[in-house]
Amino acid sequence: YYVPNDDGEFYQFCYVTHKGEIRGASTPFQFRANSPTEEELLTMEDEGGSDILVVTTKASYLEQKMEQILQEKKELLENLDLLQKERDELIDEKNRLQKEYEQERESSAQLRKDVQ
């Protein structure tokens, strides 16, 4: 086995059944002469729970994590907005009920006064 030269070509792994049917393909990749140093690489297990080990650059991993965190932040801000609107509606309802209570109390006091 040999590694192809740094020719700028893209390669893919194809997953083929015993019948010759293509069932999937990897993302395209290139072979480069200036590979990242060991300090720039990160090895981790595949998130799918398989026994596959993934090697990526730390920069790529951090970019992916940043995207995930930004998406989570967006969802949390949307949720916060909904909760604030719900809180405002509840405050309005509380004020309305408080006003109604005061009116009923005044009405009750007036009825007691009229009865005496």
Among residues of the stretch 6-28, those that are charged (D, E, K, R), at pLDDT 90 or above and within 24 Å of V54 (Cβ to Cβ), counted: 1
For the stretch 35-77, how many residues meet the condition of being among the charged types (D, E, K, R), closer than 30 Å to D6 by Cα and either at pLDDT 85 or above or not in a loop (DSSP other than H, G, I, E, B) (or both)? 7
Which pairs turn up if I take residues in the stretch 89-116 that are in contact (Cβ under 8 Å) with a residue 60 or more places away in the chain and look for partners that are among the aromatic types (F, W, Y) with beta carbon separation below 9 Å, at least 6 apart in sequence or on another chain? none
Determine, yes or no, whether Q64 is over 30 Å from F29 (Cβ atoms) and not β-branched (V, I, T). no
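The values are calculated or read from the model by the stated rules, or taken from the named source; none is laboratory data. It should be emphasised that the depicted structure is a prediction, and the values quoted were computed from it without experimental measurement. Here Cβ is always computed from backbone atoms with ideal geometry, including for glycine, and neighbour counts include all displayed protein chains.
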